[in-house]
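Structure, as structure tokens:
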Amino acid sequence: MRALQALTLGLASALSLMLASACGGTSGASDRRAAAAALAEDASFWPDPDVKSLQLYVVLTPDPQAMQSPDAFAGVDAAVNGEGARYAAVRGKARVVPSGYKVDFSVDFADLPHPAVDPAQLAPMIKQLPADARALAEGAKLAVFVRSDARILPHGDHLRLTGLVPLSIADKWDGVIIDLTARRAWTKDQWQAELAGERLSDKQLRMVTRDDADGKKWLLTRGNPKFGLPDLEMRGIPAADLEAARGRFSKLQQRLQAQGPSQAPATPCTGPKGTYDADCRQVR
């Protein structure tokens, strides 16, 4: 792991080394990640379940020098602060932005190949990309991690503004963007179209099916924390009941999205810590 230190972003907190445990790692964190991956049908790495973030992205780029200068950080600052026309279509969709609103985020780097960015674990996320973008991701030399706890805005507009950070990095250094909270990969053009749309799409969220014990199934959401909501899980579902359970689970998810955190169940999730980030509640 290497990190660019002693640089600050005009609108952000000082850059921090928040992913040191992700890309150096303790044996405990590695064990948790391995246990989570072994359970997952959508096996994917989880940098550090002890560090909570509303948003977590990684940009995979073939340029090992990406984001390695003060000018590079100034460009990200300008993109998020609203200077220039490049991302005006995205910023224009943010309807309610309080005066003085700041998008706080941290950036860190991992030279590739690196154990924390295992190609086998990334594969489920990048397999739906176009062939050229998939090849770019598979041949990347650097992973640029972006974490943010930006204050939540109505309509998910905080996602549009913070989303300009990985977008500007991917634009300048020909990268592929992975939303690690929703476990989904995007080309830079796909991501810009998503951020500039009239509404953010359902791709900001994801429902995952895993194998549970005794041949049963396990449903989980991905992406709710980005909207200030807990993720949900439903465990111990007989295979014959899976479709009915998915229908009930989807309705509960829709109600949570429509009515807010008050609709979340009270019981904490029971899965290994690395299988979800931030808050998670169990649906019975």
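Here are some notes:
- Added length on full extension, which subtracts the Cα-Cα distance from 0.36 nm per residue, residue 266 to residue 209: 18.3 nm
- Calculated FRET efficiency for the pair residue 99/residue 258, C-beta based, R₀ 22 Å, to 0.05: 0.20
- Net charge of the neighbourhood of residue 234, taken over other residues with C-beta under 10 Å away and scored Lys/Arg +1, Asp/Glu -1, is +3.
- Of 100, 114, 144, farthest towards positive along the dipole that unit charges on Lys, Arg, Asp, Glu beta carbons give segment 74-228: 100
- Over segment 205-282, the reciprocal of the mean inverse Cα-Cα separation, the Kirkwood hydrodynamic radius, stands at 12.6 Å.
- Only aspartates and glutamates eight or more places from residue 93 in sequence, or on another chain, were considered; those with a Cα closer than 18 Å are 83, 157, 189, 194, 198, 202.
- Taking a sphere under 12 Å around the Cβ of residue 133 and counting the other residues whose Cβ falls inside, with K and R at +1 and D and E at -1, yields a net charge of -1.
- Residues listed by number, segment 187-218, amide nitrogen under 19 Å from residue 246 label point at 7 Å toward C-beta: 202-213, 215-218
- Taking one quarter of the surface of the C-alpha convex hull of segment 140-284 gives a mean projected area of 9.7 nm².
- Residues of type lysines that residue 141 reaches as a straight line, Cα spacing below 25 Å, ignoring anything fewer than 8 places off in the same chain: 127, 172, 188
- The lysines within cross-link reach of residue 251, meaning a Cα-to-Cα straight distance under 27 Å and a gap of 8 or more places when in the same chain, are 52, 203, 216, 217, 226, 273.
- Extension gain, residue 118-residue 83: 0.36 nm per intervening residue step, less the Cα-Cα distance, totals 9.0 nm.
Laboratory data are not the source of any read-out in this text; all were calculated from the coordinates shown. None of these values were measured; they are calculated from a predicted model. A quick note on method: Cβ atoms are made from the backbone with ideal geometry, for glycine too, and the neighbour counts reach across all protein chains shown.
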